[in-house]
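Q: Shown below is the structure under consideration.
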Amino acid sequence: RDFVEAPSQMLEEWAWDYETLRNFASNSEGEAIPENLVAKMNRARHFGEATGTAAQIFYANLSLNYYNRQPESFELLPLMKELQARYSPFPYVADTHFYANFGHLNGYSSNYYTYQWSQAIATDLLSRFRSAGLRDSATARDYRDKVLAPGGSKPAAQLIEDFLGRPFTIEAYTRYLKTLD
């Protein structure tokens, strides 16, 4: 399941790209969206993203630590408070029970980390597009043929390697996270 979100997370980048937007985003006079507006939109989009990523890391640790031990060996609230103090950018609010409203604990169980893992994969996949250009038709065709078309017929790691020409790494995602400072 760590691959399931990666294609859509990667494709979201086109919606924030000026060269893409200017082809269809226009006002009533037919004027393309201003480049400075897209730049402002992107700054706003990334505002607080580091905090959101830290919160995702807390959620991932909460789901993992609720499922990696015997249920009778811990209490939900104390463990949540411990993990929140360690990973969350936000302090615990007294008399709240976040875990009772964290719907992904049911269904995803310990696998909530897949959101961040998929983002790391998406960033690595996107690195090839960034090198060739987001609208490079040969790269897009390669992505279609090597990732989307085979779908579940191959392991995700193989699809990624087929497209990138190398195994997946977290280097692109690490570089991206450093820009959030």
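Q: May I ask you to list the residues in the stretch 102-127 that are open to solvent by 40 Å² or more (accessible area, probe 1.4 Å) and over 15 Å from residue 9 (Cα atoms)?
A: Answer for the stretch 102-127, where residues must be open to solvent by 40 Å² or more (accessible area, probe 1.4 Å) and over 15 Å from residue 9 (Cα atoms): 103, 104, 106, 107, 111.
Q: A further question follows. Taking the stretch 120-143, which residues are more than 22 Å from residue 174 (Cβ to Cβ) and either of a type in the set (D, E, K, R) or not in a helix (DSSP H, G or I) (or both)?
A: Matches in the stretch 120-143: 133, 135, 136, 141, 142.
Q: So which residues in the stretch 42-84 are farther than 22 Å from residue 96 by Cα and in a loop (DSSP other than H, G, I, E, B)?
A: 47, 48, 68, 69, 70
Q: Give me the residue from the stretch 17-65 that is among the aromatic types (Phe, Trp, Tyr) and open to solvent by 30 Å² or more (accessible area, probe 1.4 Å) and, out of that set, nearest to residue 111 (Cα to Cα).
A: 59
Q: Failed condition for residue 135, given (1) under 18 Å from the mean Cα position of the chain (by Cα); (2) open to solvent by 70 Å² or more (accessible area, probe 1.4 Å); (3) in contact (Cβ under 8 Å) with a residue 40 or more places away in the chain, with all others met?
A: (1)
Q: Mind listing whichever residues of the stretch 138-158 are touching a residue at least 40 places away in the same chain (Cβ under 8 Å) and either among the small types (Gly, Ala, Ser) or open to solvent by 70 Å² or more (accessible area, probe 1.4 Å) (or both)?
A: Within the stretch 138-158, 148, 156 qualify.
Q: Please work out which residue is modelled with the lowest pLDDT, limiting yourself to the stretch 159-181 and to residues that are loosely packed, with under 14 Cβ neighbours inside 10 Å and in a helix (DSSP H, G or I).
A: So, considering only residues that are loosely packed, with under 14 Cβ neighbours inside 10 Å and in a helix (DSSP H, G or I), the one modelled with the lowest pLDDT is 178.
The values are calculated or read from the model by the stated rules, or taken from the named source; none is laboratory data. Everything numeric in this text was worked out from a predicted model, so none of it was measured. Because the Cβ atoms are built from the backbone with ideal geometry, glycine has one as well, and the counts that use them run over all protein chains shown. The area values use the complete protein model at the heavy-atom level, side chains included, leaving out ligands, DNA and RNA. Shrake-Rupley method; radii C 1.70, N 1.55, O 1.52, S 1.80 Å.
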